[in-house]
Each structure stands twice: as structure tokens, then as C-alpha cells.
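Take a look at the structure set out below.
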Amino acid sequence: MSQPFRIEKGGRIDRAASLSFTFDGERLSGHAGDTLASALLANGIHLVGRSFKYHRPRGILTAGSEEPNALVGICRKGDQTPNLRATQVEVYEGLETVSQNRFPSRGFDVGAVNDLLSPLFPAGFYYKTFMWPKAFWDRVYEPVIRAAAGLGNPPKNPDHDTYGNLYAHCDVLVIGSGPAGLAAALAAADSGARVILCDEQAEFGGSLLTETAATIDGTAPAQWVADTLEKLSANGNVTLLPRTTAFGYFAQNFVALAQRITDHVSEPDPRLPRERLWQVRAREVVIAAGAIERPMVFPENDRPGIMLAEAGRTYLNRYGVKVGHNVLVATACDTAWQAAFDLADHGVTIAAIADVRENPPEALQSIAKARGIRVEKGCVVTGTTGRKRISAALLGRLRGNGVAAAGEVACDALLMSGGWTPTVSLYSQSRGKVVWNESLGTFVPGQSVQNERSAGACLGIYGLNAALEDGYAAGENAAKAAIGRSGTVSRAQAHGADAGEGGILGALPHDRDPSKVKAFVDYQNDVTAKDVKLAVREGMHSIEHIKRYTTTGMATDQGRLSNLNALDIASKALDKPVTDVGLTTFRQPYTPTTFGIFANISRGDFFDPVRKTPSHDFVAGQDAAFEDVGQWKRAWYLPKDGEDMHQAVARECETVRKSAGLFDASTLGKIEVVGPDAAEFLERMYTNPWKKLAPGRCRYGLLLNDAGFIIDDGVVGRLAEDRFHVTTTTGGAAHVFATMEDYLQTEWPDLDVWITSITEQYAVCAVQGPKARDIIAPFVEGIDLSADAFPHMSVGSGTFCGVPCRLFRISFTGELGFEVNVPRRHGKMVWDKLAKAVAEQEGVIYGTETMHVLRADKGYIIVGQETDGTVTPDDVGMNWAIGKNKADFVGKRGLARPDLVAGGRKQLVGLLTKDPKVVLEEGAQVTKLANPPAGTPAEGHVTSAYHSPAMGRSIALALVKDGRRLTGETLNIPMPNGAIPVEVVEPFFYDKEGARLNG
Amino acid sequence: MADILTSELYSADSSQAPLLVLPDVTIMPAAPAARVSLRCRETGLALAAKAFGTPIPQTPLTAETAANRAAFWLGPDEWMLVAPESQLAAILSDLETHLDAVPHSVVDISHRQDAVLVSGPRAGWLLNTGVPIDLHESAFAVGTVTRTLFHKTPIMLWRTGPDSFVVEAWGSFMDYVTGLLVQSAEELKAA
Amino acid sequence: MLLIQCPYCGVERPELEFSCRGEAHIARPADPSATTDEQWAEYLYLRTNPKGVIAERWRHIHGCGRFFNALRDTVSDKFLMVYKAGEPKPDPAQFSKEAGR
Ligand SMILES: [Zn+2]
């Protein structure tokens, strides 16, 4: 397992640790410290995948997170994570990787026919081609496009990893650990500030890990990095986060970091999360994100073996890998020359340095001369050859506006540099506006919008010493702004690695047939210079339109590599200055981020809080089916001996009416309203009158909003002159409480009344049925349960099973009923005792479905089922609940609105199917005709429908236009298998006189 | 001092198993306590203090403690009073008696919420896996009490020492809170 | 996620702890029955929805529970000031000027 392109020594890899990994099944070796990209290059592999649209062979272009081509899948624990950048994947023992977007193999790919057919795939191809016939979209185009689209394969199994979350706060967050970032962190930490330093790479140091042609305070840059990290680690106020990408910059210095914890480890401890989301709130942020090199846009600039110059230098100096044996360097700026020199010093043949400029600096030319390197000035690359890897490049000499062929140069790698682009993504996310810097020929951050400053190369400050200086200043100023003081860190001095000159934007001129060549602007999306020009010709004049029409800048790097080149091409085609064309916006996330880290802990059992009632374990032990009501788990029905739901519910209903039933009503919202103005407050909130309700009595309360619509209901018991026990629906509890607080605090702050949620203070066991009194009586002390002393709608305080209790005599079933409220932690004990007593009386434990059926028998509404936020008390026949003599209550004025008093409103009615066995579907539409012509508006809809054991037939409630006037008439419920005729009846079915609940 | 005073009010419930025991952090269910929600205007504060036996704190996010007593500021007219479970009835009646002449609301919420004790050098870190506020001692000093969130659930958080916290949540939310705390602490077991 | 100063707690807390309850200083008419249908509809539904500075009601729902008011710039999403319920509405125009509009 030789690594033919690994140099003898040097680089930061651990040569003692040899690691074996696979790529498309081929076993290869690398070293600890390698990225997948560096290890592949060490093995001489440049071809790593196929491009998105044309399936062209592609190689490794960069050494960083902006990599557009080298997207790979990682196989682990039987599944695959797609679309990881080989430049970021760290090699570990046993790493299994696969290339993407190729079939059957990356060497031979049938999709490459798209490349030959490329005249058929111009910019906006999808928009133009799949427009008609319209009917084809759903059935033909979309399925085909979906099958062909996308990179990589999604994993097939649920994510087996866990993801952590941490809310963190700091005085200064430093993003990026190159020279500016490290200096900023040092300076900020020296002041005593709480500092977080993060970097997306595995090692801190950024460009310093590549830099060998400079010294800092007399030592090698890498040594200075090590010394600096030692200082920072020793400071208890500093948190160091390598492998951590700042991917989102939000309002008020809220920055999201993705920390990768186990992806680089061969056998990670399963107790570790794979990644951690850091939700950081920083007083001050220093962005030291650096700059990336710009590709040159020349024909066939996408062949494997073509790479950015600084990436080639990084692979050499940091990873000990030479990208080729015979390397051509094409550049428009000074810095790429150093790549050529470093490679030459390691014995790599430099085929030539081709500089676009007529007069590159003399100093560089003389260094090249000393190394015997051929230099071509005023020279561009006009094409490349080679099947799966570059074998030669065509050169062209710039002549005025044209280009003259200047021969072919054989090479096995081509390093290019169009200059540098500051990474302004995070600054842009912070809502800062970039400004055009004419002398640098690029956009740089403008004014800070948040408490943020950019430092170093991302601000356009190039050159090692300048970046250090700027970093120190940024760190100091950030600390001063955050905590009001700054330290006195001694500033290191750097020599060498000065800022270079030069740089170019846009498509390079060439002498080739423009219709036959492709010069790529956006590699990942296969967007060429031609596509951008075509988009402009076809009327896309805004950069945002060009972006969407061509998809340039929509790759995973969000155009960090391509934007400026695309912009320059567009601006020339539009004949407008770059600044008038504008730059597209960078958005979160900075680099692709896992779904796992966003879902985070909200998965499985912790997707949402699961609230359980005191009876939960008991009914679970009886095989109850559960129903989710908000966050609550409620017993839905409790099947016995293989019963289905219908049979179980029928048995539960019959038993409650015959004997008794026990039901857990703990989830109902409960609010204690206390104070001298308690009755006055309820008087204002509810439709009903409260002032004359005697202590010890209850009343059904109806709550409207000020528009006049029903929003909640529940029973309210008066415990004392100044104390009420209010109940709400389960789902409405939080909303009702918030609404009451709202009126209390903002409309009537002078009322002497306070509300306290007691939902979870009390567990509630409802015992309903003719034997209810017999069942509870043995447990009750201090309350006379006789019908005279404790009639329907009573409330009393006493003890139950020896614990304090608030006992309500209320019924939601139409039967004699009690609701036993005991302090929550006693709920289980009380439930168990009641369950036993109920069983002894041949009663039953029932669930929410039976509760629904029993209340429908009685025509009791359920808010949210019979009502939908547009239903008034009159609509549901509940004008009786409105206090006629009240001057005002919430909703009173609303009820007088013209729309609410006009005729033709939908009213609650009962529906009986002509065939008593047929149960209607809830939500079904109600019409007059059995077969209404298309377009006929419905008269209303079914709100509740059940089989009622008590009635021995199906029953239904519905909201029907002018329904009360239709009593006795026949309407229809049109269904797919034909209409179901129904008779309109009054909306109650069982024991209309209420004899049973008054028993 | 807060450490000592709390130990009487919030002690580990000996009838329940610890939820988590690691060298750097433990989570123990707390024994039941008497909890009373006190609402009144300024006129009631001195009377309530007399009845309860601690001053009623008026500084936001602070607590007043005395032997077997803690009074938490939760809002400008809202306090939670905590005492040993056995004293509930006496406290309720003392408060009603003393506050009789002024508008007020005294409500028993002893069972509404449960408490767990989270302590150890990594307690703050563990809580910050779900608590969005800064728990650094410079921002959240010993003695601070507040309502906030733990992930999707409201909690009350009281710092009783540099490395010790009381977390209260409504009863049905406690499984969510402790379940996530235990899950998040899992990584501390890794080498 | 915004950071919001609660005027009752006296601290800044993350937006998660708060709930926004719409435009501030829209008082419920003292005598609703005296309002015309148009006035009532206006009270219920019509809001200024400005591009710029707006006075809003916020509630520190997962903190002290109090409602308070805040001036917020809907363009920059910045809070310009917070004040307790019942305090007079500051002049948004003055804050607009300070916010650079
Ligand atoms: Zn507050």
C-alpha cells in the first residue's frame, strides 16, 4: 500500500500511524492527520466523482469546506452519509467511502452522455423544457427529474446517532483560527473575557499550518500556533472548539455552531453524541474566516488534476502530498508563485508558471529563474486534455483583445489562482452589507450591523503580519466592548508571507470555438460562462434572477467559489459595473449541516414532552389504547379479550349507563381564581353570571373572544366568596390561562384578583353512573353526599381516602356523576382504590372515546369539535348560558356584530341516518340534494358521529345552515358510494329531562 | 449559606432512587414540600413576611431564606413560598389570617410541581444543554431563582450553591426534564 | 433568536421565554355597547403594521409572567426600548429618527 505521491518527510500527518481505508471498494492507506482528499491524492487519485448535470469526471479542487466536486458518501454502521466533502472528512482506520453521481462506476459513467448532449441542457433548461403539456408535469417530468436529480443517496434507516445541544454564552466569540483569529483570541483572552474560539477544521491554525515561507517571532508559524494554543488552553475562560463550524449568524450575536465529535473516530464511544449544536450568545464576535482562492474560468477548467494553487500548497506542506509530478501553475496573482516554489523545492517539476499579467513582480521572476522554472507572461490557459486526469494544457498569449495559441504544455496537475475572495458569508448573515473594494477587486465587509468585527483576510487584509496585527486589534477591541477592559498581550511579529498583488475576475479570453467549449463558473452545478451570458441575453438582468435561472451560486458553498466570476461575466454581458449588478445574499447555513443537529434531542421519546396522568400505568397494564390530546396521553378505550375498538366502546358506554364508570379527567385545565374581585373578574370573562352563584355551587361557563366566538368552556365551582375553581378544556388550558392574564394585566389591572394554574395540583377521577355515589361514599369524609345536601352542580371540600379533596358533583355523561380532585401525588392511590371499588360494582374504566359518545348522547358540545373558532353560543343553541342582564363580558359586543345576528348561520342540529346502522363520517358535508350539481355549496358539515349503545343506533351532530328550521326534514350526506339520507332532529338524544343526572 | 438552608427544604427523597450518579454530576429527586403561591400588592408584603417567617423578596430573581423557609420572587406580585410538607396547613392558615385585611391570593401548589436536585461540577453545563440562559456565576449568582425553559418545558431554577441547583417542573413534565438530563449526561461517562 | 430585556425582571432573556401579543396601546373600549360596528371591527382587527418602529405587547410568559410593551423596528428587528404596562407610549417618530429612518 504505497502512497506514490507522499513526500519523504514533512507535513503534519503522523507517519507512524498508518491507516487503511477504502474508496469505492479499493483498499488504500493514509496517515492520521490526513483528510480523505489528502489521502486520495497521496495515492495518486484525482478523479473522485462525476458532476451533477453533465456527469463529467471531476477531481479535488480545494482543500477546504468550499470543495464543490469531491463529495463522497461515508459508510458506517450499515448506512451511508452522503455529500460529505472529501476535503473535510478525516481518515480513520477502516473508513469506508464511496464516490457519488456515477453509474456504474466513476471511471465509466453512462450519464456522461449528458455531456455530449449538452447543447440540449442550456441555462434555464428545466424552465423551458418541462412547461408543456401541463398534464405531463405530475406524471412524467417530475418523477423523471426527481429520479435523476440530487447528489448522493439518502440514508435508509433512522439515524442511530445522538446529537447534543448546549446553550453557551461568552464575551467574545472568535470564528476562525488562522493568524487573525488566533491573535484575536489571545488578545481577548488576555483581558479576562470569556472567549470561545472555533474553527471548522480538525486543527487550529488555518493558513499557518500551510505556511513555511515565513516566521513569527523567529519561529515557524506552526510552532507559533502550538505555543499559542498552549497559552489559550491554560486559560480557564477560553473554550477551544476545533471541528466546529459557525454555520449561522442570527440576530443579536446569536451564533449557531456545529461541533463534530465522533465523525473522525474509528470506533467512537457510543455514549458520545455525533455532533453538538452550540447555541452561542456572544457579546462580541470576531469573524476571522479568512479568504479563499478563486478558480480561473478557462475552457475545460474542470478536469481532474486541476486544483487551486493554495490547495496544492496545503496538500504539500500540511499533508506531505504532492499533487503531481509535473505541475503547471496558472495564475493572475503573486501568491500562486509560492506554490510553485514550494513544490519545486520538493522535487516536483514545474512545467511552467503561466501568469496572465504582462509584468509579474521581478522578485518572483528571479526566484523562479533561480529554480529554473519556465515563466510565461501575459499568458492564459485556453484548454486542457486528458481523459480522467489532465495530461496537457493549451496556452494562449494575450494579444490586445485576442489570444494567440502559444502551444501545449504537458502536465499531470494544474494549479490555478485567479486571486483571493474574502469569506464574507457570516458577515453577510449578520445582515452586514458588503462593499466593493476596487483595489482588491472584491467585496469586503462594510459597516458592522451587530456587535461584530471582521479581522484579517476576510476583511481583505492580506499578508501574515497585517493579519496578525488586525487580529490583535480586533480581539482587544472586542474585549473592550464586551467587558470594558483589554489586556496587554505582547504582539508577535511576522516576517514573510506578505500580501501579494494581482487577481482577476470572470471568464478568461481564449482562441477556441466558443460553441464547443465549456469553461465552468460553478463546478457543483455545472454552470458555465456561456450559461451566465445566455441568461443575460434571455432577459435575466438581476443577479438574483441569473442565480436562479442558471443555478450558479446555489451549490453547497453558496457561491463562495463562483460568485465573483459569475458576477463579472454578468456585468460584462450587461455592460454595467459589478457594483450595479450586486451580489446575492449569503444565508444560513454556511456549509451543509446535518438534519440530526437540527432535530437534536427532539426525536423519539423526547420529540415533545409526553404528559402522563396518574392512571397511566394502571390503564397501560390493562392494554388501553392511548390517544394524544395535546401533549397528554389519555386512555382512548380499554379493550378486553380481543375486543375491537367498536366493541370496547360499546361495552364501556353500556356499563357506565347501567352501573358506573371511572375516567381520568386530570388533564382538564384548572385555574384557581382568588381575590375580592374574583366574581367580578369571572363576570367579565365568561358569558354567564357569577355574582349570585353561592359558595358550594358550580356552573357551566362559556368563554368567548371579543369577536363573539366560543373559545372554551368548563365547569366553575365557587369554593368561597373570593375563591373559584375554574376548569377548562384539556387543549385550551394554556390558552385560557394566558387570555385571562392578558385581560387581567392589561385591561383591568385594578381588579383585586389573581389566577393560579392548578391543573397539575389536582388529579381528577371522574366516577359516573347510577352507582357512582355508592362507589365513592365509603371514601368520603366531611361531605354529605345525599341528593338534597349535595345536588347536581355542587362542590365541596373534605377528604377522600384520607387525603384532602375537592369533590364536584358534575356530569359530562348525563348520569349521576362526581369528580374527585385530590392532590396530584395522591392520584395514583385514589385511582387504584376507585378502580377496585368500581370493579366490585361491576363498573368499568372508560376512555375518551366513550366519554365522547356519552356526551354526544346528551348533545353536550366539545369545543374544537362542534366549534371551530367561528361558532357563536346561538349557533350551538346555548344562548341560555349568556347572562341576559350583564352590561358587558368578553364577546358581548362581538355577538351584536351584523354578521353574527344575520340569518343563514350554521346551527347545531342532530342528524339521524335513515339506516340506524350507518355511522356518518365526522367532517362529511351536508347537502339538500342527494346528487348536488358540481359547485353547489354545502349546507354544513357533520361535527360528531358515533354509534350510541344507549340509543341503539347511530347518532350525529352537525352544523347546518338555518338547521333549527329544518327539524324533521331530510338532508343528504354525499359520500363516494352514494348519498346517505339523514333526518334533522334536535341536538340531544338521551334523557332530555335530565332525570338521571339529578338522581 | 444557601446550601445549608436548602438542605432542610430540598432534601433528596430517600424513598426514590437517584436519577443519575456520576463523579461530576448527580440528579436526585427531592422530597415533597409545601409550596404556596402568594399573590398580593405591596400592602401585603410585610404581613405575609410576618406570617411566613422570611421577608418577601422584592428584588427580581432573588430568594429569601430562613430556617425551613424559602420565599422566591417569581414576578412583581408573585412569590412561591416553600416549607416542609408537614407545615402546609399551618402556613396556609397563618397567611390567610395575617393577610385578611388586604387583597391577596394564597393557593396551595404543593403537588403542582416536583423538584430535582442537580449538583456537581458539571451541573451548570448539564442544565445548559436545555436551559437557554447564561448560568455562569457572574451572570447567575448563587441564590438566583428564575422561571425559564428546559428545552420545551417551563421550569423554575434556583441556584443554591456554585455547583448545586434546584429544578422544579410541573409534575407531568418532570419525566421529560429528567429524561433529557440523564440522556445528555450520557457522554460524561465516556472516557 | 432575539434577546429581550424584561422591564420587570431587569434582565435580558432569550426570545424563547417571551410571547408577542401584537400591537400595543389598543385599549378595549370602556363601554363596548357604545361603539359602532365599524369602531368595534377596528378595535378587533385593524392594526398599523408599519415598516419601521412599532409599539408591541410582549409577555415574559416563561419568566415573571408580566405583560410589557416594547418599541421594535420591524426592519432591523431591533428592540429600541421596553417599558412597563400602563406607562405612556413613547413617541415612535423620535425613535424612528434614531433608528435612521
Ligand atoms: Zn420578566
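A few points about this structure:
- Scanning region A:797-844 for residues that are outside any strand (DSSP E or B) and under 11 Å from A:L662 (Cβ atoms) yields A:V830, A:W831, A:D832, A:K833, A:L834, A:A835, A:K836, A:A837, A:V838, A:A839, A:Q841, A:G843.
- Of residues in region A:441-461 being polar (S, T, N, Q) and closer than 17 Å to A:V285 by Cα, the one surrounded by the most Cβ atoms within 10 Å (Cβ to Cβ): A:S454
- Residues in region A:190-220 that are out of contact with any Asp or Glu (no Cβ under 9 Å at 6 or more places or on another chain), open to solvent by 10 Å² or more (accessible area, probe 1.4 Å) and of a type outside the set (D, E, K, R): A:Q201, A:F204, A:T215, A:G218.
- Residue within region A:403-415 that is in the same structural domain as A:A246 (by TED's automatic domain parsing) and open to solvent by 40 Å² or more (accessible area, probe 1.4 Å) present: no
- Beta carbons closer than 6 Å, at least 6 apart along the sequence or on distinct chains, pair a first residue in region B:101-120 that is facing another protein chain (nearest Cβ under 7 Å) with a second that is in a loop (DSSP other than H, G, I, E, B) for B:P103/A:G675; B:P103/A:P676; B:P103/A:D752; B:S105/A:G675; B:I109/A:Q761; B:H111/A:Q761; B:R112/A:E760; B:R112/A:Q761.
- The number of residues in region A:635-655 being closer than 11 Å to A:G847 by Cα and over 44 Å from the mean Cα position of the chain (by Cα) comes to 1.
- Of all residues making up region A:586-624, the number that are surrounded by fewer than 22 Cβ atoms within 10 Å (Cβ to Cβ), without any contact (Cβ under 8 Å) to a residue 60 or more places away in the chain and in contact with a helix residue (DSSP H, G or I) (Cβ under 8 Å, 6 or more places away or on another chain): 4
- Candidate set: region C:85-96, residues that are within 16 Å of the ligand (Cβ to nearest atom) and not acidic (D, E); chosen: the one most open to solvent (accessible area, probe 1.4 Å): C:G86
- Test: residue in region B:49-61 that is aromatic (F, W, Y), within 16 Å of the ligand (Cβ to nearest atom) and at pLDDT 95 or above: no
- Filter pass, A:T262 being open to solvent by less than 20 Å² (accessible area, probe 1.4 Å), in the same structural domain as A:L468 (by TED's automatic domain parsing) and of a type in the set (S, T, N, Q): yes
- Test result for A:A187, of a type in the set (A, V, I, L, M, F, W, C), open to solvent by 10 Å² or more (accessible area, probe 1.4 Å) and in contact (Cβ under 8 Å) with a residue 60 or more places away in the chain: no
- Applying the criterion of being assigned to a loop (DSSP other than H, G, I, E, B) and in contact (Cβ under 8 Å) with a residue 60 or more places away in the chain to the residues of region A:845-865, the residue that is most open to solvent (accessible area, probe 1.4 Å) is A:G864.
- Scan of region B:53-80 for residues that are closer than 21 Å to A:P676 by Cβ and in contact (Cβ under 8 Å) with a residue 24 or more places away in the chain, ordered by number: B:D77, B:E78, B:W79
- Options C:V82, C:V11: the member that is more than 8 Å from every other protein chain (Cβ to nearest Cβ) and open to solvent by less than 50 Å² (accessible area, probe 1.4 Å): C:V82
- Residue satisfying all of: in region A:894-915; within 14 Å of chain C (Cβ to nearest Cβ) and more than 43 Å from the chain's Cα centre (by Cα); most open to solvent (accessible area, probe 1.4 Å) among these: A:V901
- Within region A:893-947, if we keep just the residues that are assigned to a strand (DSSP E or B) and hydroxyl-bearing (S, T, Y), the residue that is nearest to C:L44 (Cα to Cα) turns out to be A:T943.
- Within region B:76-83, one or more residues are within 14 Å of chain A (Cβ to nearest Cβ), among the aliphatic types (A, V, I, L, M), closer than 19 Å to B:Y10 by Cα and more than 16 Å from the ligand (Cβ to nearest atom).
- Residue count, region B:32-73 (criterion: buried (at least 17 other Cβ atoms within 10 Å of the Cβ), within 14 Å of chain A (Cβ to nearest Cβ) and part of a loop (DSSP other than H, G, I, E, B)): 1
- Residues being open to solvent by less than 30 Å² (accessible area, probe 1.4 Å) and within 20 Å of B:P60 (Cα to Cα) - total across region C:37-74: 11
- Of all residues in region B:24-32, one or more are in contact (Cβ under 8 Å) with a residue 12 or more places away in the chain and over 20 Å from the mean Cα position of the chain (by Cα).
- Residue selected from region B:136-160 under the condition more than 13 Å from chain C (Cβ to nearest Cβ) and crowded, with 20+ Cβ neighbours inside 10 Å, by the criterion farthest from C:P14 (Cα to Cα): B:T160
Conditions tested, residue by residue: (1) free of Cβ contacts under 8 Å to residues at least 40 places away in the same chain; (2) surrounded by fewer than 21 Cβ atoms within 10 Å (Cβ to Cβ); (3) of a type in the set (A, V, I, L, M, F, W, C); (4) in contact with a Phe, Trp or Tyr (Cβ under 8 Å, 6 or more places away or on another chain).
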site: A:T331; (1), (2), (3), (4): no, no, no, yes
site: A:A336; (1), (2), (3), (4): no, no, yes, no
site: A:A344; (1), (2), (3), (4): yes, yes, yes, no
site: A:N359; (1), (2), (3), (4): yes, yes, no, no
site: A:A363; (1), (2), (3), (4): yes, yes, yes, no
site: A:S366; (1), (2), (3), (4): yes, yes, no, no
site: A:V375; (1), (2), (3), (4): yes, yes, yes, no
site: A:T382; (1), (2), (3), (4): no, no, no, yes
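- Considering region C:4-55, and only residues there that are within 13 Å of the ligand (Cβ to nearest atom) and part of a strand (DSSP E or B), the residue that is nearest to A:Y167 (Cα to Cα) turns out to be C:P14.
- Going through (1) assigned by TED's automatic domain parsing to the domain that holds B:P18; (2) assigned to a helix (DSSP H, G or I); (3) open to solvent by 10 Å² or more (accessible area, probe 1.4 Å) one by one, B:Y176 falls short only on (3).
- Against the conditions (1) under 20 Å from A:A251 (Cα atoms); (2) within 16 Å of the ligand (Cβ to nearest atom); (3) among the charged types (D, E, K, R), C:R72 satisfies every one except (2).
- Which listed residue is in contact with a strand residue (DSSP E or B) (Cβ under 8 Å, 6 or more places away or on another chain) and at pLDDT 95 or above, from A:R271, A:R276: A:R276
- A:V280 in contact with a Lys or Arg (Cβ under 8 Å, 6 or more places away or on another chain) and in a strand (DSSP E or B): no
The values are calculated or read from the model by the stated rules, or taken from the named source; none is laboratory data. Everything numeric in this text was worked out from a predicted model, so none of it was measured. When we count neighbours, we look across all protein chains shown, and the Cβ atoms used for this are built from the backbone with ideal geometry, even at glycine. Ligands, DNA and RNA are stripped out before the accessible areas are found, and what is left, the full protein with its side chains, is counted by its heavy atoms. Shrake-Rupley method; radii C 1.70, N 1.55, O 1.52, S 1.80 Å.
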